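Have a look at the structure below before the remarks.
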């Protein structure tokens, strides 16, 4: 994939989406074929969730300094980029699930990744929070000049935020630009979308300027 591109992987449960991410991360080896990642590529990873013992006294700032200490300036920058710079001194166990996911995003940004991988990172967020999260990813890909691969079930949202979409179901059913995939018969059949389905998507074209380029 190209830098400054958001590739969204969609598909039903059991399609192999998380397995694909684990292969790219090197957590598992392919039974056949080959996964190729350019040497020296720095990868940031945002999981679906983490389990934190609520009795563990761990602030957001301290969490971002594990397992090794990071410069406070870099921690502050990454929290700002993730939109949670106000949570630095909060206990990790006391913030909301959506805020935890943004903290995990900040953690993934610490090593200034060339590739950012997110596995259903908006799980637990409501619709508006999910849209804001994806808008933030659009900003980050340009600001950091990094590629982004994300897995999500939120078809109507990720279609709008993606540059390219890959549909899996044990194999690659179809891939391409969001509009091409959305109209593909295999994609429609896989998700039960008829020709009159209300699941349209809106692609935000950047042919104009906003007063504020960074999401709030």
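Decide, for region 12-51, between rounded, prolate and oblate: order the square roots of the alpha carbon gyration tensor eigenvalues as a ≥ b ≥ c, take rounded if a/c falls under 1.5, and otherwise choose prolate if a/b is larger than b/c, else oblate.
oblate
Relative contact order for the chain using alpha-carbon pairs under 8 Å, separation at least 6, rounded to a whole percent?
Value for the chain: 31 percent.
How far is helix 97-109 tilted, in degrees, relative to the longest principal axis of the Cα atoms in the chain, given as a value from 0 to 90 rounded to the nearest 10?
Roughly 80 degrees, rounded to the nearest 10.
Quick check: the angle from helix 72-82's long axis to the longest principal axis of the chain, C-alpha only, nearest 10 degrees?
Taking the Cα atoms of the chain, the angle to 72-82 is about 30 degrees.
Cα gyration tensor of region 67-126, axes a ≥ b ≥ c as square roots of the eigenvalues: rounded (a/c below 1.5), prolate (a/b > b/c) or oblate?
Cα axes put region 67-126 in the oblate bin.
Which of these values of mean projected area of the Cα convex hull in nm² was calculated from the structure shown: (1) 34.3; (2) 13.5; (3) 16.9?
(2)
Output the 0 to 90 degree angle, nearest 10, between the alpha-carbon long axis of helix 127-144 and the longest principal axis computed from the alpha carbons of the chain.
So the helix axis and the longest Cα principal axis differ by about 80 degrees.
Taken together, the values in this text are just the output of simple stated rules run on the coordinates, not laboratory data. Note that the structure is a prediction, hence the values are computed from the model and not measured.
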